[in-house]
Amino acid sequence: VLVAPLAAQDAPAKAAPLAAEERAKLVAAAREIMGAQKYCALVTIDATGRPQVRTMNPFPPEEDMTVWFATNTRSRKVQELRRDPRVTLYYSDHETAIGYVSLAGRAVLVEDMQEILKRKRAYWDQAFPGLKNLVLIKVVPERLDVLNYKAGTLADPETWRTPSIELGPTAPRP
């Protein structure tokens, strides 16, 4: 059972360091929930600083937990990401209620046609005729929070804070 240590509450911006085995279990618990979902929520920040949420159809997370999406270049979310790339992804299966994953990071807009073709989905032909007005959103992960009852990844019983780890180039590898 993974439970966030009480000391983790003292530094809300940083996750308490976990041993490599615990990190790997946490990432596996996250992948279980993320992989079972067709959709997730993407949270951006608008010009007034207010969070904006919408449903997205993500690609499965990569080895380093990077997540990709496609969207319309003319969408509000693209405007928001150009202004402020900070995002959060939220995955949950409310029907079975096994837990949730929150992945915070920075979004990078990718218009490279090679990358678009590499990731192309069948429905894009209809949604983006000629692949026009299509941009990929690459979410580079920075922090992962996981609650997975099935995997025994549980919140602190006193504070309800979920186990979390820092991700990215300087974080230890899962």
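The values are calculated or read from the model by the stated rules, or taken from the named source; none is laboratory data. Since the structure is predicted, the reported quantities are computational estimates derived from the model, not experimental observations. FYI the Cβ positions are ideal-geometry reconstructions off the backbone, even for glycines, and counts take in every protein chain you see. Accessible surface areas use protein heavy atoms only, side chains included; no ligands, DNA or RNA. Shrake-Rupley method; radii C 1.70, N 1.55, O 1.52, S 1.80 Å.
What's the total number of residues in the stretch 91-121 that are within 30 Å of Leu154 (Cβ to Cβ) and surrounded by 15 or more Cβ atoms within 10 Å (Cβ to Cβ)?
Taking the stretch 91-121 first, the residues within 30 Å of Leu154 (Cβ to Cβ) are 91-107.
Next cut, surrounded by 15 or more Cβ atoms within 10 Å (Cβ to Cβ) only: 91-92, 98-107.
The qualifying residues number 12.
Val139: of a type in the set (Val, Ile, Thr) and in contact with a Lys or Arg (Cβ under 6 Å, 6 or more places away or on another chain), yes or no? Quick ask: steps written out before the conclusion?
On the way: of a type in the set (Val, Ile, Thr): yes; in contact with a Lys or Arg (Cβ under 6 Å, 6 or more places away or on another chain): no.
Taking the combined requirement at face value, the residue does not satisfy it.
Only one residue in Asn148, Asn133 is among the polar types (S, T, N, Q), over 21 Å from Ile45 (Cα atoms) and crowded, with 20+ Cβ neighbours inside 10 Å. Which one? Walk me through it before giving the result.
Values: Asn133 fails: crowded, with 20+ Cβ neighbours inside 10 Å.
Answer to the selection: Asn148.
Within the group Thr159, Thr88, Thr71, which residue is touching a residue at least 12 places away in the same chain (Cβ under 8 Å) and open to solvent by less than 30 Å² (accessible area, probe 1.4 Å)?
Values: Thr159 fails: open to solvent by less than 30 Å² (accessible area, probe 1.4 Å); Thr88 fails: open to solvent by less than 30 Å² (accessible area, probe 1.4 Å).
The conditions single out Thr71.
Based on this model, can you work out whether Pro60 counts as more than 15 Å from Gly168 (Cα to Cα), over 15 Å from the mean Cα position of the chain (by Cα) and not β-branched (Val, Ile, Thr)?
Numbers: more than 15 Å from Gly168 (Cα to Cα): yes; over 15 Å from the mean Cα position of the chain (by Cα): no; not β-branched (Val, Ile, Thr): yes.
In short, no.
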